[in-house]
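Trainee: I am attaching a structure below and will ask some questions about it afterwards.
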Amino acid sequence: MRPATLLLRLSCAFVVASCAEEPPPKPPAPPPPVATVREDEGHLSDIVQVTHGGDNGAVRWSWASDALVLRTRTSALACGRLVEVHPFADPPSRSAVAGGETAAFAPSDHAVVYAASPTCGKSKDDARAASKDAKDATLLDPDVDVFGASADGSSPHKLTDSPGFDGDPNVCGKDGSIVFTSMRDGDPDVYRMNGDGSNVRRVTATPGYDGEATFDADCTHVLWRASRPRPSEVEDYKKLLARNLVPAGPSELWIANADGTEAREITYLDAQSFSPTWLGTEGRVVFASRFGAPGPHDVDLWAVDTNGTNLERITTAPGWDASPAVSPDGKWIAFTSTRATLPLEHDVDVMIAHWGGAWRHVEIRPADHVMGDAAWLADPAREGRGLGTKGLDDAGAYVERSFKSFGVLPAGDDDYRQTFDVTQSVSGVATFGPVGAPVAPGLVRALGFSASATVLAPLVYVADDEDFARIDVKGKIAVVRAAAHGSLRHEAWLAHDRGAVGLVAIAEGKLSDPVPESDEGIPAAVVANAAVGPLLAGLVRGQHPLANLAVTLAPETTEAFNVVGRWPATVPSAQRLPGVVVVGAHYDHIGEKSPGADDNASGTAALLQIARSLSEEKPTLRRDIVLVAFSGEEQGAAGAHAFVRHLPEGVLTKDIIAMINLDMVGRMRDDTLQVFGADTAAQWPDLLSGACDAARINCARATGGGFGASDHAPFHEAGVPVLHLFTGVHGDNGKLTDTVDKLNAAGMAQVAVAAEHLARDVTDLQKLDVQHVAAPIESDVRSYGATLGTYPDPKGPPKGTTGMLLSGVRAGGPADKAGLRGGDVILRIGGHVIGGVEDVMFVLTGAKPGQHVKVVALRDGKEFTADVVLEEARVH
């Protein structure tokens, strides 16, 4: 039914604040039809005016979608009155509820929750005073509390009674719980409580105003607006807050789980945005904002997806359109507007309209760009971007096309591409069994860390790690239960270290094919339990039958490629500075086990956004920015190592001023970007402060320089200051659940802003002062016991050589002091044979800081011995 024009009289039967002395409302004037309905407002139809005169707002629908509760007053500083309106009744009806500012229906629609002050007149005087000496500041009346009452206003009762403001209540339609704003802990934050006022829980706890919160349909999430002071504004904010005032200024929309976890900002409009409401179950919200407003008194309704994409202007009428409320059935929208207000009048009235129609005024913003790129890269058609897949090649080609379209110049060996070989997989053949009784071929598999060898030796059962110290395994094949040991590779190292000639692990369930790993020096295989039951029983009783064990492994390499582009300096040659700034992200992932939306479609999308922004803004740069999309990161940063070894033509290692790495930047929470490596250059903290302020986000710097291995590691090893930008760990990494729908597109776009700002600032500096951090990139520090201070090279030693190849050593670290350097191959540590970096980790796990160890290494084909004093491994 189309609503009729409402010509209603106000009642003065209110509960908390009386209106007996207020003048009656003036007779309504017919609105200009052209001002009410606009052809370009495609979502709105059948707009009807509900109120006629006065200042009306704070509109909420009943859960049956047949009534409204709203606040009305005769002037901006008059006490508010809450009324219930039934616009679809015949005739339409209206009744008083209470004195107050905001209200919401309880789930039954037979009760309301509202905010009111028994000293309304006094609070309005305070507001008048505040408006004189604190321009546009909003008073949070300390006398306001949350009340409950019947829908007609009878039986009012307090639900809150804490010192300070308690207001802006909204209700969960499922269980009646209430979300509201409170000053009870000294700052205006969002809280949640049961419908009877019990069990109050804090939802937000960040300095700044948090309010106007509302639940989604199933009450699992809350949406609210927040105004957070920047560090330079905190003191002024506190001074105003001490007077129960909050400053005017930009406010943005936030979403979180109903308990406040996983909070994320979804608008970065740098404008006053307010009155958010959920748009049914569409994954969108509607809100009012001054964004894009042509004048200081213009406000419009906007909509945006909950990930920050698809920002759309809903209303276009001049003046004020605000306080949107979408009916629970999704058919209607109510809002306040001046579109029908006569010239020289100041009325703000409530309108309702049918909601529907197609999108029209969508603004393509950075969040849309990064989400589009990430969605393409994480699409199932990309096959998880694993090495050797067409999906990975297609992803690289996508980055290549994007660079070209943005005007980024090619800087690879072949146009944009820099190719390299990387181990993709390993094929293996294994046989095992007592002499004369071999195990069926399908019930034995080679392990990826096995040596290719054939042995004939007695079997010996080893129940646990301690048994390796008690049982003589020298010259024997050690047999272990896979389930009893955390790392079979560690068992192989222990067995080899104690003189065993082979390792057999007995496992339940399906056997897996080998994966590429460095050689542990002895043949190693896994055997199905069903094939060796009687044999195992005899071994446990102490028998040592003679057995054959043969393993042949063949690594399979594939060609991969980095995508390398260059954005050249734009100033005259006489003003240019030497060197380049590298910004990178890896575009590969682990394959079909995961789409890799956050790891690392997010970082690649942010890298593309930087290229897009450079092409659009064409900033003044004094040195080149090199943009690199790396492949092979999941294989020990193979692509980044290849890039550092074979830099673009004309670039030397010493020419790289800084490297900024974007890895897993798609899940920003609490507006916080984690930054690792800030101790690698003296200027990083100041540069980060400026970049993060420009992006309107918080940057949390790791201390001590510690950060996990990623594509920045080879650059740091080469002496380059690095930063790793990261939005945090989560349980979806490497799983099928790392999907694009969980990305925070708005946050990703702001990370790109920060990274670009950093890169541009570095291009303007003469240099960065390199600092050697105490606990650098994850290397042998993974041991968590002691460290050599070495950086392993993932490509491994030359063919025919076993050991751990060093790509570098930490300046001032134990290995450096002992004379070790990049290019050396560690063969033995304290008598333990080293087959790869994992063996170093196993040795150092049991070592202690201060311990002296003899390290035998290979340099230029000759062995030498270094006396190393181990240090404490500090992990951050």
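The values are calculated or read from the model by the stated rules, or taken from the named source; none is laboratory data. These numbers were taken from a predicted model, which means no experiment stands behind them. Cβ: placed from backbone, ideal geometry, glycine included. Neighbour counts: every protein chain shown. Surface accessibility is based on the protein's heavy atoms, side chains included, excluding ligands, DNA and RNA. Shrake-Rupley method; radii C 1.70, N 1.55, O 1.52, S 1.80 Å.
Trainee: Compute, for THR423, the solvent-accessible surface of its heavy atoms (probe 1.4 Å) with the complete set of protein chains present, and express it in square angstrom to the nearest 10.
Mentor: Only protein atoms counted, so the area is about 50 Å².
Trainee: Put a dot 7 Å past each Cα toward the Cβ at VAL37 and HIS297; how far apart are the dots in nm?
Mentor: 2.7
Trainee: Once you order the gyration tensor axes a ≥ b ≥ c over the Cα atoms, which shape class does the stretch 789-876 get: rounded for a/c under 1.5, otherwise prolate or oblate by comparing a/b with b/c?
Mentor: rounded
Trainee: Kirkwood Rh, Cα Rg: Rg to Rh for the chain?
Mentor: Ratio of gyration radius to Kirkwood radius for the chain: 1.08.
Trainee: Right, next: Which order do MET183, MET659 take when ranked by solvent-accessible area (1.4 Å probe, heavy atoms of all protein chains), largest first?
Mentor: Putting MET183, MET659 in descending order of accessible area: MET183, MET659.
Trainee: Follow-up question, since we're still on this one. Between ALA554 and ALA694, what is 0.36 nm times their sequence separation minus the Cα-Cα distance? Round to one decimal in nm.
Mentor: This chain segment gains 45.2 nm when fully extended.
Trainee: Which of rounded, prolate, oblate describes the stretch 239-325, given a ≥ b ≥ c as roots of the alpha-carbon gyration tensor eigenvalues and a/c under 1.5 marking rounded, otherwise prolate only if a/b is larger than b/c?
Mentor: oblate
Trainee: Once ligands and nucleic acids are excluded and a 1.4 Å probe is used, how much of LEU765 is accessible, expressed in Å² to the nearest 10?
Mentor: Rounded to the nearest 10, that gives 50 Å².
Trainee: Next question, about the same structure. Find the eigenvalues of the gyration tensor of the Cα atoms of the stretch 190-289, then list the square roots of 5 times those eigenvalues as equivalent ellipsoid semi-axes, largest first, in whole angstrom.
Mentor: 24, 18, 11
Trainee: Right, here's the next one. What ³J(HN,Hα) values, in whole Hz, does the Karplus curve 6.51 cos²θ - 1.76 cosθ + 1.60 give for the stretch 588-599 when θ = phi - 60°, with x put for Gly and Pro?
Mentor: 7, 8, 8, x, 5, 5, 7, x, x, 5, 7, 10
Trainee: Then there is this: Principal axes first, then extents: for the Cα atoms of the stretch 220-263, list largest minus smallest coordinate on each axis, whole Å, largest first.
Mentor: 35, 19, 15
Trainee: Over the stretch 332-416, what is the relative contact order in percent, taking alpha-carbon pairs closer than 8 angstrom and at least six residues apart?
Mentor: 14
Trainee: Whole-Hz ³J(HN,Hα) for each residue in the stretch 342-350, computed from phi via Karplus 6.51 cos²θ - 1.76 cosθ + 1.60 with θ = phi - 60°, x for glycine and proline: what do you get?
Mentor: Using θ = phi - 60°, the values come out as 6, x, 6, 9, 10, 5, 10, 10, 9 Hz.
Trainee: Let me ask you something else. With every protein chain kept in the model, how would you rank LYS404, LYS799, LYS735 by accessible area, 1.4 Å probe, largest at the top?
Mentor: Listed by decreasing accessible area, they come as LYS799, LYS404, LYS735.
Trainee: Relative contact order (percent) for the stretch 163-268, with alpha-carbon contacts under 8 angstrom and 6 or more residues of separation?
Mentor: Value for the stretch 163-268: 20 percent.
Trainee: As a test question: what accessible area, to the nearest 10 Å², does HIS589 have when a 1.4 Å probe is rolled over all protein chains in place?
Mentor: 10
Trainee: Follow-up. Given an 8 Å cut-off on Cα distances and at least 6 residues of separation, report the relative contact order of the chain as a percent.
Mentor: So the answer I get is 9 percent.
Trainee: Let me ask another. State, in angstrom, two size descriptors of the stretch 491-629 derived from its alpha carbons: Rg to one decimal place and Dmax to the nearest whole number.
Mentor: 26.8, 83
Trainee: Report Rg(Cα)/(2.2 N^0.38 Å) for the stretch 158-241, keeping two decimals.
Mentor: This ratio for the stretch 158-241 stands at 1.13.
Trainee: Sticking with this structure for a sec: Largest first, how would GLU517, GLU633, GLU508, GLU282 line up by accessible area (1.4 Å probe)?
Mentor: Highest to lowest solvent-accessible surface, that is GLU508, GLU282, GLU517, GLU633.
Trainee: Still on this structure: Say the cut-off is 31 Å between C-alpha atoms; which of LYS404/LYS767; LYS618/LYS735; LYS404/LYS654 go over it?
Mentor: Result: LYS618/LYS735 exceed 31 Å.
Trainee: So, one more: Is the stretch 590-705 best put as rounded, prolate or oblate by its Cα gyration tensor, with a ≥ b ≥ c the root eigenvalues, rounded for a/c under 1.5, and otherwise prolate when a/b is larger than b/c, oblate when not?
Mentor: rounded
Trainee: When only alpha-carbon atoms are used, what values of Rg and Dmax, in angstrom, describe the stretch 412-527?
Mentor: Gyration radius and largest Cα-Cα distance of the stretch 412-527: 16.7, 61 Å.
Trainee: Here's a follow-up. Could you tell me which residue out of ALA537, SER518, VAL501 lies farthest along the dipole of the stretch 495-548 toward its positive end? Charges go on the beta carbon: Lys and Arg +1, Asp and Glu -1, centred on the Cα centre.
Mentor: ALA537
Trainee: Here's a follow-up. State to the nearest 20 debye the size of the charge dipole of the chain about its Cα centre, where the only charges are +1 on K and R beta carbons and -1 on D and E beta carbons.
Mentor: 980
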